[in-house]
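Participant: Structure incoming, see below.
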């Protein structure tokens with residue numbers, strides 16, 4: 001665990017290192033963490049990039065960083081503190097340190113669907129969950145996706161988002177990706 005984060009500037013430096021980002025962050029202290037959101041330029045705001053911009057919370061005790069929705073930062077901070085006070089699960093998902101190592105590979109294609117094999121393991125102790133080995137099927141026309149299991153794992157959601165974004169940008173379905181989250 002890193003040294004305790006006691007000031008907004010320390011939190012900003014920690015975020016820059018952990019997220020490999022040169023962005024500035026607005027930092028709001030809470031009882032159990034630091035709620036943070038990237039600061040956008042006027043041009044970015046005018047181009048609509050503020051719409052849906054998510055937040056992060058850095059836990060004061062563990063320094064774990066969780067990603068959260070685009071709700072107002074004050075709401076994120078309040079919900080985070082309430083979840084910890086009441087023992088409920090925090091609504092965000094941990095992005096640092098990574099809780100999953102993921103490998104996604106294109107394994108098949110039909111005229112209607114693209115198919116990926118998504119394998120993920122948790123490097124944490126205790127593990128964030130059991131290892132997975134799922135098939136992810138993306139409908140080429142609708143961009144809707146499904147898996148070969150009932151509950152869609154976050155690794156499959158993230159892989160689907162990445163594959164769809166890559167296809168929309170480049171016109172081809174990407175072959176593979178190895179990443180952590």
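The values are calculated or read from the model by the stated rules, or taken from the named source; none is laboratory data. Values in this document were obtained by computation on a predicted structure and should not be read as measured data. Glycine also receives a Cβ, built like all others from the backbone with ideal geometry; neighbour counts cover every protein chain displayed.
Participant: Exactly one condition in (1) loosely packed, with under 13 Cβ neighbours inside 10 Å; (2) in contact (Cβ under 8 Å) with a residue 60 or more places away in the chain is not met by residue 52; state its number.
Facilitator: Of (1) loosely packed, with under 13 Cβ neighbours inside 10 Å; (2) in contact (Cβ under 8 Å) with a residue 60 or more places away in the chain, only one is false for residue 52: (2).
Participant: Quick check on my filter: what residues within the stretch 131-157 are assigned to a loop (DSSP other than H, G, I, E, B) and under 20 Å from residue 105 (Cβ atoms)?
Facilitator: Once the filter is applied, which keeps residues that are assigned to a loop (DSSP other than H, G, I, E, B) and under 20 Å from residue 105 (Cβ atoms), the stretch 131-157 yields 131, 140, 143, 148, 149, 152, 153.
Participant: Any chance you could count how many residues in the stretch 12-44 are free of Cβ contacts under 8 Å to residues at least 40 places away in the same chain, under 16 Å from residue 67 (Cβ atoms) and assigned to a loop (DSSP other than H, G, I, E, B)?
Facilitator: Residues in the stretch 12-44 being free of Cβ contacts under 8 Å to residues at least 40 places away in the same chain, under 16 Å from residue 67 (Cβ atoms) and assigned to a loop (DSSP other than H, G, I, E, B): 3 in total.
Okay, residues lined up against (1) in the same structural domain as residue 13 (by TED's automatic domain parsing); (2) more than 23 Å from residue 162 (Cβ to Cβ); (3) under 16 Å from the mean Cα position of the chain (by Cα):
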{"position": "55", "(1), (2), (3)": "yes, no, yes"}
{"position": "75", "(1), (2), (3)": "yes, yes, no"}
{"position": "108", "(1), (2), (3)": "no, no, no"}
{"position": "142", "(1), (2), (3)": "no, no, no"}
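Participant: Can I ask one more? Of all residues being crowded, with 16+ Cβ neighbours inside 10 Å and not in a strand (DSSP E or B) in the stretch 165-181, which is modelled with the lowest pLDDT? Just the residue, please.
Facilitator: 181
Participant: A further question follows. Got a sec? Which of 75, 115 is at pLDDT 95 or above, out of contact with any helix residue (DSSP H, G or I) (no Cβ under 9 Å at 6 or more places or on another chain) and surrounded by fewer than 16 Cβ atoms within 10 Å (Cβ to Cβ)?
Facilitator: 75
Participant: Now for a separate question. What number of residues in the stretch 71-102 are part of a helix (DSSP H, G or I) and on the phi > 0 side of the Ramachandran plot?
Facilitator: 0
Participant: When residue 66 is evaluated against the numbered criteria (1) within 30 Å of residue 136 (Cβ to Cβ); (2) outside the structural domain of residue 164 (by TED's automatic domain parsing); (3) touching a residue at least 60 places away in the same chain (Cβ under 8 Å), which criterion, by number, is the only one it fails?
Facilitator: Answer for residue 66: the failing condition is (3).
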